[in-house]
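Since the structure comes first, as structure tokens, the remarks are kept for the end.
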């Protein structure tokens with residue numbers, strides 16, 4: 001039950017952070033491309049990679065804190081459903097190049113960010 005509370009509180013914080021960051025990016029960059037969703041997914045991938053190395057390869061995070069941060073905060077922060085919806089809208093509008101860029105860019109950038117997060121985690125713990 002305690003872990004569920006950590007995940008629930010983390011999810012609320014992550015969702016609020018996503019709303020604020022994606023909304024700010026939308027206001028700055030405009031509606032032509034879903035930059036906000038791309039940004040939260042890439043940042044979330046980077047942070048999750050770092051967090052999982054820290055949480056699984058050291059004793060610095062308790063299992064409850066790791067679940068609260070990974071499943072809660074970052075689960076609420078990143079968003080596949082919004083990525084899917086925005087890509088579908090681009091396709092419906094006939095913006096095939098933008099839709100392809102969103103799919104390929106998200107895949108490549110999130111994989112690269114996750115890898116960099118793992119490297120940063122290993123560097124942080126001296127491995």
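Which FRET efficiency value, to the nearest 0.05, do you get for residue 89 and residue 58 by plugging their Cβ-Cβ distance into 1/(1 + (r/R0)^6) with R0 = 35 Å? Rounded to the nearest 0.05, the efficiency is 0.25.
For helix 96-124, what angle does its Cα long axis make with the longest principal axis of the chain, in degrees from 0 to 90 and rounded to 10? The angle comes out at about 20 degrees.
Relative contact order, whole percent, for the chain stands at 40, derived from Cα pairs under 8 Å and 6 or more residues apart.
For the chain, the longest principal axis of the alpha carbon atoms and the long axis of helix 35-57 meet at an angle near 20°. The peptide list 56-66, 109-119, put in order of mean Cβ contacts within 10 Å with the highest first, becomes 109-119, 56-66. The spacing between the stretch 73-127 and the stretch 37-53, judged by their C-alpha centroids, is 9 Å. Computed over the chain, the per-residue total of -39500 (n - 2.57) for DSSP H runs of n ≥ 4 gives a 222 nm mean residue ellipticity of -26500 deg cm²/dmol, rounded to 500. In terms of other Cβ atoms within 10 Å, 78, 71 run from fewest to most in the order 71, 78. Protection proxy ranking for 36-46, 9-19, using the average of other Cβ atoms within 10 Å per residue and placing the highest first: 36-46, 9-19. Shown here is the pair-distance distribution of the stretch 8-124: with all Cα-Cα distances grouped in 5 Å bins from zero up to the longest one, the shares run 2, 13, 19, 21, 19, 13, 7, 4, 2, 0, 0 percent. Between residue 112 and residue 1, the FRET efficiency estimated from the beta carbon spacing at R0 = 41 angstrom works out to 0.65. Paramagnetic label reach from residue 122 (point 7 Å along Cα→Cβ; backbone nitrogen cut-off under 12 Å): within the stretch 52-82, residues 53.
Only the coordinates and a few stated rules stand behind these numbers; no lab work does. Remember, it's a predicted structure, so these values are computed and weren't measured experimentally. Methodologically, a virtual Cβ is constructed for each residue, glycine included, from the backbone with ideal geometry; neighbour enumeration extends over all protein chains shown.
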